[in-house]
Amino acid sequence: MNILDLPTKIHDESRQGEAYAPVAQETALFSKKFYIESYGCQMNFSDSEIVAAILHQEGFGATKQFEEASLILLNTCSIREKAEQTIRKRLTEFRKTKEKKPELLIGILGCMAERLKAKLLEEEKLVDIVVGPDAYRSLPALIAEAETGQKAVNVLLSREETYADIAPIRLDSNGVTAFVSIMRGCNNMCSFCVVPFTRGRERSRNADSIVAEVEDLFRRGYREVTLLGQNVDSYHWLNEADNTSVNFAQLLEKVALVNPLLRVRFSTSHPKDITDDVLYIMAKYKNICQYIHLPIQSGNSRILQLMNRTYSREWYLAKVDRIKEIMPDCSISTDIITGFCTETEAEHQDTLSAMEYAQYDYAYMFFYSERPGTLAAKRFTDNVPEAVKKRRLQEIINLQNELSKKSYMNDVGKSFEVLIEGESKKDNLYWKGRNPQNKMLVFPKKQFNYKPGDYVNVLVHDATQATLLGEIIPA
Ligand code: 5AD
Ligand code: SF4
């Protein structure tokens, strides 16, 4: 298994650059068409749904064929250099289309737009429109400006914008699972990370608007929501009307109470912020999935300090113990960066031993990529040679493959409640869906009359590294 085969949750590499599929009858209503590709984290995919809603109001319908669009948008990611390279290549391709069709507008959204600001427009002439993550409401005005041949840029970051009142358009959905954004930005300043600079200060969305969006999704047949934020555990919304506040544990409970048939997930947790209150709420409600994505980044305390993660190895591993104590069946996944500035061989071994200790079910593994403007770029030298970074990454991947295999094999003989998400891509006689621990199961439909959105109990009889294979247990 290589990095791209992993069941990626946060940076879903398999979805990188995916375009939206329009709902057929809706597209027919619109004279103008836009095409959007999303890269990077789930937050970007969720933001593209907000952008789609803003454009719908302006009379733009989505298309999956960029050739028929008058507006092409790329919602971009800056987290690693490679992400930016992929996007630049894509922009160059679209530029060629524009040479043949000069009226076509090309826009760049998201983190790369924020990081490079007008550079892609002025110096490199790759795009017509540049819009940062907090400026999507100004898209219609920017399109109008670009149509008259002017430069259209808005990269202002906001301390308030949460798009709380915009109902996202779920154009590319399976109709069962949806993302709901609960906060924006990040205040953490991990030294390797560009996100605080591209997405701005942290702010929490109105809890009532979150619950209303979730209720609406449930009414429309959705059966799983994932609450999204860079650091969900620091969610804190102050209701100025009555001076009360809602923290993440309270929000989680409100969402769980929408309906017991609605599954609730969330991502991402920062180990320093996830509280016992959150763990107890997770344990209390059966419909909150027992799965936590808990990025460790490194298993060595000196490196963690350089990364400004604000916890030590021991503190992190004690958090893992606490999770397992309160929820023995809870699965845990993580993010790991290898080859951070000055990382020694012994410190790398600490990461491997921490992985063994935590027994992760999955991990998303990267080698360090220096990002301009970050604290690490300013303070430290990126001095681990690329070959060493890659070798360490491979060792980490090899170990995680073993841990994942063990975790999946350990489920053989067990039964799980599975929410059917759709047909298996490989064989339409099979359903696919996930268990609460976020593992994908594939099982034959047989004579039963189930449909996507139904819950079934599945007995696991076999496992590959990333999928459990089973049979429906008749109700
Ligand atoms: N280099 C490599 N990986 C990074 N991540 C964030 N910034 C960098 C970087 N500069 C990883 C972290 C984070 C995940 C989303 O991406 O592991 O948790
Ligand atoms: Fe980046 Fe750290 Fe914020 Fe995550 S918590 S977005 S890694 S600064």
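Derivation of every value follows stated rules applied to the coordinates shown; laboratory data play no part. Small disclaimer: the values here were computed from a predicted structure and weren't measured. For neighbour counting, all protein chains shown are included, and Cβ atoms are generated from backbone atoms with ideal geometry for every residue, glycine included.
In this model, which of LYS82/LYS119; LYS406/LYS446; LYS284/LYS439; LYS32/LYS151 are farther than 23 Å apart at the alpha-carbon?
Pairs exceeding the cut-off: LYS406/LYS446.
Relative contact order (percent) for the stretch 185-293, with alpha-carbon contacts under 8 angstrom and 6 or more residues of separation?
24 percent
Using 1/(1 + (r/R0)^6) with R0 = 35 angstrom and r between the beta carbons of GLU402 and TYR430, what's the FRET efficiency to the nearest 0.05?
0.80
Calculate for the chain the 222 nm mean residue ellipticity that helices alone would give, adding -39,500 (n - 2.57) per DSSP H run of length 4 or more and normalising by residue count, nearest 500 deg cm²/dmol.
Mean residue ellipticity at 222 nm (helix-derived): -10000 deg cm²/dmol.
Can you tell me the FRET efficiency between ASN449 and LYS254 if r is taken as the Cβ-Cβ distance and R0 is 22 Å, rounded to the nearest 0.05?
E(calc), rounded to 0.05, equals 0.05.
So what's the net charge close to THR310: Lys and Arg +1, Asp and Glu -1, counting the other residues with Cβ under 12 Å from its Cβ?
Within the 12 Å Cβ shell, the charges total +1.
Tell me, what HN-Hα J-couplings in whole Hz come from the Karplus equation 6.51 cos²θ - 1.76 cosθ + 1.60 at θ = phi - 60° for each residue of the stretch 414-427, using x for Gly and Pro?
9, 10, 9, 7, 10, 8, 6, 9, x, 6, 5, 4, 7, 8
Order of 445-451, 201-207, 292-298 by packing, highest average Cβ count within 10 Å first?
Averaged packing, sorted descending, gives the order 292-298, 201-207, 445-451.
Starting from the 7 Å offset along Cα-to-Cβ, what nm value, one decimal, do you get for the label separation of GLN57 and ARG302?
5.4 nm
Just to confirm my numbers, what's the Cα centroid distance between the stretch 48-70 and the stretch 203-219 in Å?
23 Å
Between GLU240 and LYS272, what is the spin-label point distance in nm, taking each point 7 Å from the Cα along the Cα→C-beta axis?
Computed distance between label sites GLU240 and LYS272 equals 2.9 nm.
Compute the separation of the alpha-carbon centres of the stretch 303-377 and the stretch 440-463 and state it in Å as a whole number.
Rounded to whole Å, the Cα centres lie 35 Å apart.
In percent, how large is the relative contact order of the chain, given Cα pairs closer than 8 Å and 6 or more residues apart?
11 percent
Relative contact order, percent, of the stretch 177-409 when contacts are C-alpha pairs under 8 Å separated by at least 6 residues?
Over the stretch 177-409, the number comes to 17 percent.
Quote the charge dipole size of the stretch 177-409 about the Cα centre in Debye, to the nearest 20; the model charges only the Cβ of Lys and Arg (+1) and of Asp and Glu (-1).
It comes to approximately 420 debye.
For each of GLU93, GLU145, count neighbouring Cβ atoms within 10 Å of the residue's Cβ, then give the residues from fewest to most.
GLU93, GLU145
Run the quick spin-label model on MET189 and GLU122: label points 7 Å from Cα toward the beta carbon, then report their separation in nm to one decimal.
Taking the simple label geometry, MET189 and GLU122 are separated by 2.9 nm.
Can you tell me how the stretch 40-109 classifies by the Cα gyration tensor, rounded, prolate or oblate, using a/c under 1.5 as the rounded cut?
Because a/c hits 1.5 or more and a/b fails to exceed b/c, the stretch 40-109 counts as oblate.
List the extent of the Cα atoms of the chain along each of their three principal axes, largest first, rounded to whole Å.
63, 58, 52
Can you classify the stretch 376-475 as rounded, prolate or oblate using the Cα gyration tensor, where a ≥ b ≥ c are the square roots of its eigenvalues, rounded means a/c under 1.5, and otherwise it's prolate if a/b beats b/c and oblate if not?
Prolate shape, in that a/c is at least 1.5 and a/b is the bigger ratio.
Give me the percent of DSSP beta bridges within the stretch 8-154 that run antiparallel, rounded to the nearest 5.
DSSP beta bridges in the stretch 8-154 are roughly 10 percent antiparallel.
Write out the cysteines belonging to the chain for which the nearest other cysteine Cβ is not under 4.7 Å, or none if no such cysteine exists.
CYS41, CYS77, CYS111, CYS186, CYS289, CYS330, CYS341
Using only the Cα atoms of the stretch 415-472, build the gyration tensor, take square roots of its eigenvalues as a ≥ b ≥ c, and label the shape rounded, prolate or oblate: rounded if a/c is under 1.5, else prolate if a/b is larger than b/c, else oblate.
Taking the square roots of the gyration eigenvalues as a ≥ b ≥ c, the stretch 415-472 is rounded.
May I ask you to list the residues of the stretch 166-194 whose amide nitrogen lies under 20 Å from a point 7 Å from Cα along the Cα→beta-carbon direction of LYS64?
Residues 169-179 qualify, since their backbone N sits under 20 Å from the label point.
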